[in-house]
Amino acid sequence: MAEASEGALSWSNFWQSEVATAFVTDEAQQRALRNFWASTSRNWNSGDRILDLGCGNGALATSLAGIANDTGRTFRYTGLDRAEVSPPSRSDFNPLDVVLLDNTAAEFARLPAAGFERVVSQYGFEYCDRKAVSVNIGTWLAPQGSASLLVHSRDSHLSEEVRYTLEQFRMAEESALLVLVARLLLRLDQLGGAESADPQARAMRELVNSTCQELTDKAKHMPNPYFLRNFVSVCLGSFSSARSHMPPAVRLENLTKFSKQLLFQKDRLEQQQLAALSEGQIDESIDCLDSLGLSCRRREAFAFDDQRFGIALEFRKH
């Protein structure tokens, strides 16, 4: 098994929840992605060998399966991911011939030279060591093969959403709300759940409520406060009537699990923020691939509804 890339743990946690995609979750956005790949693959041949970098649970494979069905073609698909993935059954990818190699970083993968007519990536290439993976792409592609890479860019709508969410993470952390809720639950556990008779517990509840209100007020002035609102809702939910039958110790255990998931989510967002490419970094990748015998045939914004969702790059091997 190849050496896994640093930072894979938080993605393994994410893919084990059996989600299909990481950042593009809206149906209209997913439809735009399918249309993009339908256009990109229109000149591919039936039987082409395809390598997907950063395959996750098979979002791109699902799109390619639909394209293959619609056009009467089939493809031999290999997906690489540095994380441990949990895709649907292989029958869901028919008529693709699918091989998924998880826990396998593209930098270290051992694949046959000239073994693929197409190398593709849907928000995966930029997470890698781009220079090392570019060298591998040059090796793995067959003569006249193509590489089609859809990458995060710093000026995209997705990157903007990540910045907003990380700012809300910062606000949530600075509020210490999770700590306040945990301390109150611990106190209630000590009291056997009898909060009303204990002045300390009442004071702690007031502090929790006022902190929640402060965060709620701040959320009203943010363009996309989904994370902050959900965070407050989960924290307050620890004391909802629907959970009143649960011992405080159980609610504290659930809060701890929620906190761990937040750490994974924050790590993934920070990775995306670091991975999103500047124009200069895109230039560097184009120059690197060109030096390896792959000429750039396409460089354009991937956009719909007047919003950019990354940069589309296409290369052909000499």
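The values are calculated or read from the model by the stated rules, or taken from the named source; none is laboratory data. Bear in mind that the values here come from a model prediction, so they are computed numbers and not experimental data. Cβ: placed from backbone, ideal geometry, glycine included. Neighbour counts: every protein chain shown.
Things worth noting here:
- Scanning the stretch 137-165 for residues that are aliphatic (A, V, I, L, M) and within 14 Å of the chain's Cα centre (by Cα) yields 150, 151, 158, 162.
- At least 1 residues being among the acidic types (Asp, Glu) is the threshold, and among the helices (runs of 4 or more DSSP H) wholly inside the stretch 206-318 those reaching it are 248-275, 279-291.
- Output for the stretch 52-76, where each listed residue is in contact with a Gly (Cβ under 9 Å, 6 or more places away or on another chain) and of a type outside the set (A, V, I, L, M, F, W, C): 52, 54, 56, 58, 73, 74, 76
- You will find that of 172, 203, the residue that is aliphatic (A, V, I, L, M), closer than 30 Å to residue 309 by Cα and assigned to a helix (DSSP H, G or I) is 172 and no other.
- Selection over the stretch 231-290 of residues that are in contact with a Ser or Thr (Cβ under 6 Å, 6 or more places away or on another chain) and surrounded by fewer than 13 Cβ atoms within 10 Å (Cβ to Cβ) gives a count of 0.
- The selection criterion, being over 30 Å from residue 310 (Cβ atoms), outside the structural domain of residue 22 (by TED's automatic domain parsing) and surrounded by 14 or more Cβ atoms within 10 Å (Cβ to Cβ), does not hold for residue 165.
- Per the conditions (1) assigned by TED's automatic domain parsing to the domain that holds residue 191; (2) in contact with a Leu (Cβ under 7 Å, 6 or more places away or on another chain), the sole criterion not satisfied by residue 312 is (1).
- Yes/no for residue 95 being crowded, with 16+ Cβ neighbours inside 10 Å and either among the polar types (S, T, N, Q) or at pLDDT below 95 (or both): no
- Here residue 158 does not qualify as out of contact with any Phe, Trp or Tyr (no Cβ under 6 Å at 6 or more places or on another chain), hydrophobic (A, V, I, L, M, F, W, C) and either buried (at least 24 other Cβ atoms within 10 Å of the Cβ) or not in a strand (DSSP E or B) (or both).
- Residue in the stretch 99-118 that is among the aromatic types (Phe, Trp, Tyr), closer than 30 Å to residue 278 by Cβ, in the same structural domain as residue 301 (by TED's automatic domain parsing) and in contact (Cβ under 8 Å) with a residue 40 or more places away in the chain present: yes
- Test: residue in the stretch 176-184 that is under 25 Å from residue 267 (Cβ atoms), crowded, with 16+ Cβ neighbours inside 10 Å and within 21 Å of the chain's Cα centre (by Cα): no
- Hits in the stretch 114-133 - residues which are surrounded by fewer than 24 Cβ atoms within 10 Å (Cβ to Cβ), in contact with a strand residue (DSSP E or B) (Cβ under 9 Å, 6 or more places away or on another chain) and not in a strand (DSSP E or B): 114, 115, 128, 130
- Selection within the stretch 81-123 - acidic (Asp, Glu) and within 24 Å of residue 39 (Cα to Cα): 92, 97, 117
- Residue selection: residue 178 fails the criterion of being on the phi < 0 side of the Ramachandran plot, aliphatic (A, V, I, L, M) and assigned to a strand (DSSP E or B).
- Test set (1) out of contact with any strand residue (DSSP E or B) (no Cβ under 6 Å at 6 or more places or on another chain); (2) within 20 Å of residue 316 (Cα to Cα) - residue 56 fails condition number: (2)
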